[in-house]
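What follows is a single structure, written as structure tokens, with notes after it.
The values are calculated or read from the model by the stated rules, or taken from the named source; none is laboratory data. Just so you know, these numbers come straight off a predicted model, no measurement behind them. Heads up, the Cβs are rebuilt from the backbone with ideal geometry, glycines too, and the neighbour counts pull from every protein chain shown. Side chains included, ligands, DNA and RNA excluded: accessible areas come from the protein's heavy atoms. Shrake-Rupley method; radii C 1.70, N 1.55, O 1.52, S 1.80 Å.
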Amino acid sequence: MKKIAVFLFTSVALQNIAAQNLIQAYKDRADMVTQANISNNLQEFSNLGVKTTGSTANTDALNWLKNKYLSYGYSSSQMVEDPFSFGSTNSKNLVITKTGTLYPDKYIIICGHYDTIVGPGVSDNGSGTSILLEAARILKDIPTEYSIKFVHFSGEEQGLIGSNHYVNNVAYQGNTRKLDIKLVFNIDQVGGQIGNLNNKITCERDTGGISSNNAASNTATQELAVCTGLYSPLQTSISYAYSSDYIPFEEKGYTITGFYEYIKSENEHSTDDNLTNIDPVYVFNVGKAAVGALQHFAVASTSNNNNLQVNETPAKDPLQNIRIYPNPAKDMITVETEKSKQFSIEINDMAGHLVLSSENQNRINTSALQNGVYTITIKTSAGNLTRKIIIEK
Ligand SMILES: [Zn+2]
């Protein structure tokens, strides 16, 4: 629902980002986004008509989304509707959860609205919707350390009503934070205009509202830009976040980032936001960038899956079931090793100095450690697993 002119921040320094290298498995999965699927999703979204919040077409779009997820192999129990109302209007957000292997209670939210206004909204926001679907299809059987929620909001065009409802009834209940969300990654209006040179995407960071979450958003947005360069042919521009579904999250202090088209089509909220005017190749390229970045943020498995087919499950990593928690930790860390009875644990500081070691102990007393970032290595007969941990007292 963006209406304000965008002023771009130029030459944001990327060099101070920790080296973020291409991961071949991530690239292979980003390349599993197909132009045919993107175009087909856009066509079907267009065919649903004007999906005004609360309309029959809006409900039809919700059902279309649910059927898509079922067709990718997600179960009904992974899909939760979040109904909301305003005045006499009723609509629903749709939330699909894929559980993480290491941090099942910490979420990466990838979101975009599916309601439209005046026109079929093929760019605003059939584009983001189509990309979420491709990401969900491709990552269905890929283990990720963090849980992922694919969230399709409604009521966006009436003023972020669906996302506001979700944040204030699901993510938060009163002043109680219910959902531990690592990052909200919003995709809204990335359709471009056919005929334009659509070779760049705007990566949006949080520069306003609550200020305590701005630095984390800046970091995530720069990582988003790096991923875009690694996993898609697109160039990037960093700008600021405004007027879309990440804002209610920002207002609660969560970390946000987003994609938005760089050269504006100016077709939004009109009958011109249609299949004829959109640039489907641009959506395809943004889709690759999004699948690359989502794997980075959710820490997807890096084992190669070239031969992974829809009905095959990936080879199980013997270290995958090791859980280390809490993280951040205070005086105690628990290490769950499902299989291994014989194991040793080493904790090193970031300079590489060994600060703690133990053998066959699942509970590690960390009360002597100062606040800071460390690495913990669990050594088993099946191999070694190293994770970053934070001590925060
Ligand atoms: Zn929009």
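Among the residues of region 215-253, those identified as away from the ligand (no atom under 16 Å from the Cβ), more than 12 Å from Arg205 (Cα to Cα) and not aliphatic (A, V, I, L, M) are Cys227, Thr228, Gly229, Tyr231, Ser232, Pro233, Gln235, Thr236, Glu251, Lys252, Gly253. Candidates are the residues of region 369-393 that are over 29 Å from the mean Cα position of the chain (by Cα) and over 12 Å from Ala329 (Cα atoms); the one that is most open to solvent (accessible area, probe 1.4 Å) is Ser381. Among the residues of region 156-164, none qualifies, meaning not one is part of a strand (DSSP E or B), more than 12 Å from the ligand (Cβ to nearest atom) and either touching a His at 6+ places or on another chain (Cβ under 7 Å) or open to solvent by 10 Å² or more (accessible area, probe 1.4 Å) (or both). Elements of the type strands (runs of 3 or more DSSP E) sitting completely within region 29-142 and holding at least 2 residues that are more than 16 Å from the ligand (Cβ to nearest atom) and aromatic (Phe, Trp, Tyr): these cover 79-86, 103-113. For region 177-236, filtered to residues that are part of a strand (DSSP E or B) and open to solvent by 30 Å² or more (accessible area, probe 1.4 Å), the residue that is nearest to Asp279 (Cα to Cα) is Lys200. Which numbered condition in (1) under 28 Å from Ile161 (Cα atoms); (2) of a type in the set (Gly, Ala, Ser); (3) crowded, with 17+ Cβ neighbours inside 10 Å is the only one that Ser270 fails? So Ser270 meets the others, but not (3). Just so you know, in region 109-128 the residues that are aliphatic (A, V, I, L, M) and crowded, with 24+ Cβ neighbours inside 10 Å include one that is farthest from the chain's Cα centre (by Cα), and it is Val122. For Val80, are the conditions met, namely being surrounded by fewer than 16 Cβ atoms within 10 Å (Cβ to Cβ) and closer than 29 Å to Tyr325 by Cβ? So Val80 passes the test.
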